[in-house]
Each structure stands twice: as C-alpha cells, then as structure tokens.
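Okay, structure first, notes after.
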Amino acid sequence: MPAVKGFRPYGPELDKNAEAVVLHFEEYEAFKMCDYDNLNHLAAAKLMQVSRPTFTRIYASARNKIALSMAEGRPLEIEGGEVYFESNWLQCLLCGSYFNQPHPEEVAEDCPLCGHHQIQQIEQLDFTNLQYDSL
Amino acid sequence: MKVAIASKGNTLDHLIDLQFGHCAFFVIYDKDTNELQIRSNPFKEATEQAGIRAVKWLASEGVKSLIAGDFGPKIQPLLDQMGIQLIVIRKPETSIQQIINLLKQKHHAKA
Ligand SMILES: [Zn+2]
C-alpha cells in the first residue's frame with residue numbers, strides 16, 4: 001500500500017475549492033512499478049495479473065491524473081480501498097460474441113456461448129462507441 | 001449455472017435487448033437443469049443505476065453470467081468484483097431462442 005493517502009498543492013494562487021483528482025490504487029501501483037521500480041510494461045503487467053493492453057491503459061490513466069493534478073493545482077487522493085483489476089476481454093471467432101474473463105486465474109479455453117475453441121484476446125471492449133456487426 | 005439474457009419481450013422469439021439495464025425482460029436459463037424463467041425487469045423504468053441494480057438482483061437469483069447487446073461502462077467493474085461474466089452479442093437480430101440453442105449445444109458438447 002502507498003505510504004501516503006494523497007498530496008496537496010500549495011501556492012498563493014491556489015483555488016482552495018479545487019476538486020481532488022482520485023488516483024485508483026492500481027493506477028498508483030502501475031505508476032510506481034514503471035517510474036520508481038523501473039519495471040518494463042510486460043513485467044509490471046504480469047505482476048498485476050492483467051493483460052499488457054490493460055496495464056498500458058491503467059498506466060496511461062495514472063500519468064494523466066498525476067499531470068492533471070499538477071497542471072491544475074488540484075489535490076491528488078490515492079484511493080486505498082478495494083483493489084480492482086479489470087478483467088480481460090476475448091472474442092469468439094465463430095459466433096462473434098465478446099466476453100470477459102472475470103476470474104483472472106482461470107484461462108479461457110472456449111467460447112461461453114457456442115463452445116468454439118477459436119477465441120482471441122482483444123483490446124478492452126469499447127462500450128461507448130458502438131459498432132454493430134451486420135448479420 | 002444460470003445465465004440471464006436481456007430480452008425485448010416475454011417469449012423466446014423476441015430479440016436480444018441492446019440495453020442491459022433497461023431491457024423489458026430477463027430470460028434466466030439454468031444450463032444444468034434446462035429450466036427457463038422469464039422475469040420482467042423491475043428496474044426497466046429506473047432513472048438511475050438501472051444496470052447496477054439489475055446486476056445485484058440477478059446475482060441474488062444465482063445468475064453467474066449475463067448476455068446482452070450492450071452494457072453500460074459503469075457495470076464492468078461491479079461484475080469483475082462479483083465474478084460475473086458478461087457476454088456481449090452485437091448482432092441485434094439475434095433471438096433469445098437462438099442464444100439458448102447455442103448454450104444448449106455447448107453444454108451437450110461438454111457433457
Ligand atoms: Zn462462440
């Protein structure tokens with residue numbers, strides 16, 4: 001766990017009511033592993049038990065938030081609570097369905113819908129920009 | 001194992017609903033007993049957190065996996081925490097019956 005709960009900016013022009021930026025625990029971990037422990041992304045992803053694309057996303061989010069806090073003079077809070085890791089997403093090459101693997105310790109072998117064995121790992125499913133497949 | 005499918009209507013001929021939280025009905029299928037239940041979604045009209053409330057309700061019914069055309073972005077962390085699987089079918093013309101047939105076929109192939 002991090003040694004501090006967060007950071008507060010100081011300076012005469014400071015907006016006292018600036019909203020805190022909340023850094024999730026996994027973002028703190030990702031940032032620390034890369035930029036303090038000097039691990040590469042692959043090694044850090046393995047330690048966090050997430051896929052490399054997921055790790056890259058968590059790390060990028062951490063850096064954005066830290067930069068936001070510094071650039072806008074906003075307090076930075078490290079959320080110490082629940083440790084949450086995003087699950088990996090896969091796609092079935094036969095039926096085309098997307099599915100996640102909620103238990104990272106289990107390896108997906110087949111599609112939970114049709115049972116087909118040809119499945120592939122994908123980048124995080126984009127929930128906000130829907131592209132429907134045509135039939 | 002129980003699977004909940006978001007449905008636009010209360011028969012198996014209806015199509016998958018693309019809106020998980022606000023779907024009209026949930027078809028709950030038990031892969032082990034082959035039992036089917038069609039339940040109306042109590043959170044259909046909810047203005048807030050319909051998806052999250054539906055997930056909690058379905059989990060309390062023993063559902064371990066959810067099927068819909070789409071899910072809101074806030075749902076995934078909750079499901080990861082609860083160990084529930086999401087299956088996203090981005091083919092709006094898929095009927096509930098087609099999905100159940102796939103699940104049955106898979107179950108038989110494994111047994
Ligand atoms: Zn499949």
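Quick note: the coordinates plus some simple rules give every number you see, no bench work behind them. What you see is a predicted model; the values in this text were computed from it and never measured. Cβ placement follows ideal geometry from the backbone for every residue including glycine, while neighbour counts extend to all protein chains displayed.
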Label-point separation, A:ASN64 to A:ASN38 (7 Å along Cα→Cβ), nm: 2.9
Sites B:LYS91 and A:GLU105 - FRET efficiency at Förster radius 45 Å, r taken between beta-carbons, to 0.05: 0.90
Entries of A:LYS65/B:LYS64; A:LYS46/B:LYS64; B:LYS31/B:LYS56; A:LYS65/B:LYS74 with Cα pairs more than 30 Å apart: A:LYS65/B:LYS64
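Quickly estimate the mean residue ellipticity at 222 nm for chain B, helices only: each DSSP H run with n ≥ 4 gives -39500 (n - 2.57), and the total goes over all residues, rounded to 500.
Calculated mean residue ellipticity at 222 nm is -9500 deg cm²/dmol.
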Pair B:THR11, A:VAL4: separation of 7 Å Cα→Cβ label points (nm): 6.5
Estimated vicinal HN-Hα couplings, Hz - segment A:44-59 in sequence order (Karplus 6.51, -1.76, 1.60; Gly, Pro = x): 5, 4, 5, 4, 8, 6, 10, 5, 4, x, 5, 4, 4, 5, 5, 5
Zero-based 10 Å bins, Cα pair distances in chain B, whole percents: 15, 52, 30, 3, 0
Average partner coverage of B:95-101, which counts Cβ from other chains inside 10 Å: 1
Pairwise label distance in nanometres, A:GLN121 with B:THR47, each label 7 Å out on the Cα-Cβ vector: 4.3
Farthest toward positive dipole pole in segment A:6-78 [+1 Lys/Arg, -1 Asp/Glu at C-beta], among A:PRO12, A:ASN38, A:LEU68: A:ASN38
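Considering every residue in A:89-96, what mean count of other chain Cβ atoms within 10 Å of its Cβ is obtained?
Across the residues of A:89-96, the mean count of other-chain Cβ atoms within 10 Å is 2.
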Leading residue at positive end of dipole, segment B:1-87 (Cβ point charges), from B:ALA4, B:ILE87, B:ALA50: B:ALA50
The protein assembly as shown: proportion of alpha-carbon pairs further apart than 29 angstrom, %: 39
Exposure proxy ranking, count of Cβ atoms within 10 Å, fewest first, for A:TRP89, B:TRP57: B:TRP57, A:TRP89
Derived scalar couplings ³J(HN,Hα) [segment B:83-100; Karplus, 6.51 cos²θ - 1.76 cosθ + 1.60; whole Hz; x for Gly, Pro]: x, 9, 8, 9, 10, 10, 10, 8, 10, x, 8, 7, 8, 4, 4, 4, 5, 5
Charge dipole (debye, nearest 20) of chain B; +1 at Cβ of Lys and Arg, -1 at Cβ of Asp and Glu: 220
